[in-house]
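The values are calculated or read from the model by the stated rules, or taken from the named source; none is laboratory data. Remember, it's a predicted structure, so these values are computed and weren't measured experimentally. No Cβ is skipped: glycine too gets one built from the backbone with ideal geometry, and neighbour counts run over all protein chains shown. Each accessible area value is taken on the protein alone, full model and side chains, heavy atoms only, with ligands, DNA and RNA left out. Shrake-Rupley method; radii C 1.70, N 1.55, O 1.52, S 1.80 Å.
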Amino acid sequence: MLDWLTETKIPVGKTAKAAFEWLRDNAQWLFDGVENGANVMIDSVLAVFQYPHPLIVIAVFVAITWGLQRNWKTCALVALGFLFVVNQGYWEETTESLTLIFFACVSCMAIGVPIGIAAAHRPKLYRAISPVLDLMQTLPTFVYLIPMIVLFGIGMVPGLVATVIFVLPAPIRLTHLGVSSTPQALLEAAESFGATPRQTLFKVELPYALPQIMTGLNQTIMLSLSMVVIAGLVGADGLGVPVVRALQQVNAAKGFESGLVIVVVAIILDRMLRVKTQ
């Protein structure tokens, strides 16, 4: 009875395929430049993580944790977590994943926070981008990998770009929530004292929204870690590689080891960056 409806199928898939192929054929120079630049930055950060002895890198992470938390228990947790990673033999994969997470977080926060601020000040803008954010958050994560392979091939860069696209809605939404929920009384007080819009933003709205922005950073890290693992399917180095190999080989031991290491890394990053804002 529904044959008449399926006979006139809307060419969603064919249109998307044609669009990506057109981009590949006509803007390959752009994607090659992005890939080369990203590879240079990734290799540079990887050298910082992998050249020194692991214990030196762990000591730096513990020092950063102490600077942020001022809590010896959290520092001990970070140290023990990284020592566990070294003990299991996943230090190199962990540094590769941390590198991708670092660039994904920097990119998402640099793009997402300004967009969130603009959307909080312009309700029409937020209503316009809200469906796009919904699409970015609900589209299956594996779907992001397909066009990245078409445009960038396989490797670290397509995994990084797919991660940024998937994670970007989190800092936008949480920044918008924090800035837009600033009490009207605070805004009126700032205006009565003659504050300019820029002063109001930096001295009233952003300090008030800081807990939400930091929550956005935390969510960005956690989502980036989950997507970086999935990106192992397109050749991105990191903790996703042993997971994919364990799945292909039906190796329960390797799968449990790598999975537990991912959990430990997630806990470490969460405790490290749970910055006190009050």
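Structure summary
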read-out: Viscosity 1.567 mPa s, 4 °C: Kirkwood-radius Stokes-Einstein D of the range 121-160 over Cα pairs, µm²/s; value: 109 µm²/s
read-out: Relative contact order, percent, the range 1-120 [alpha-carbon distance under 8 Å, six or more residues apart]; value: 21 percent
read-out: P(r) tail fraction, the chain - alpha-carbon pairs more than 30 Å apart, %; value: 42 percent
read-out: Only Lys, Arg (+1) and Asp, Glu (-1) charged, at Cβ; the chain dipole about Cα centre in debye; value: 720 debye
read-out: Length-normalised contact order for the range 129-182 - Cα pairs under 8 Å, 6+ apart - percent; value: 38 percent
read-out: Cα-based convex hull, the range 195-278, per residue volume (Å³, whole number); value: 95 Å³
read-out: Solvent-accessible heavy-atom area per residue, rounded to whole Å², over the chain at 1.4 Å; value: 56 Å²
read-out: Residue-averaged [θ]222 nm for the chain, counting only DSSP H segments that reach four residues, each worth -39500 (n - 2.57); value: -27000 deg cm²/dmol
read-out: Kyte-Doolittle mean at least 0.5, axial Cα span of 20 Å or more - DSSP H helices of the chain; value: 28-50, 54-69, 72-88, 91-121, 206-230, 252-272
read-out: Cα pair distances of the range 59-179 binned at 10 Å [whole percent]; value: 12, 29, 30, 23, 6, 0
read-out: Order of exposure, largest accessible area first, which applies to Met136, Met222, Met227, Met41 with probe 1.4 Å; value: Met41, Met222, Met136, Met227
read-out: Average Cα contact separation per residue, the range 144-223, under 8 Å, 6 or more apart, as relative contact order %; value: 37 percent
read-out: Debye log10 I(q)/I(0) at q = 0.14, 0.15, 0.18, 0.21 Å⁻¹ for the range 100-241, Cα point scatterers; value: -0.67, -0.74, -0.94, -1.15
read-out: Accessible carbon and sulfur surface of the range 94-239 relative to its total accessible area, %, 1.4 Å; value: 70 percent
read-out: Total lysine pairs whose alpha carbons fall under 26 Å of each other in the chain (8 or more apart, or interchain); value: 4
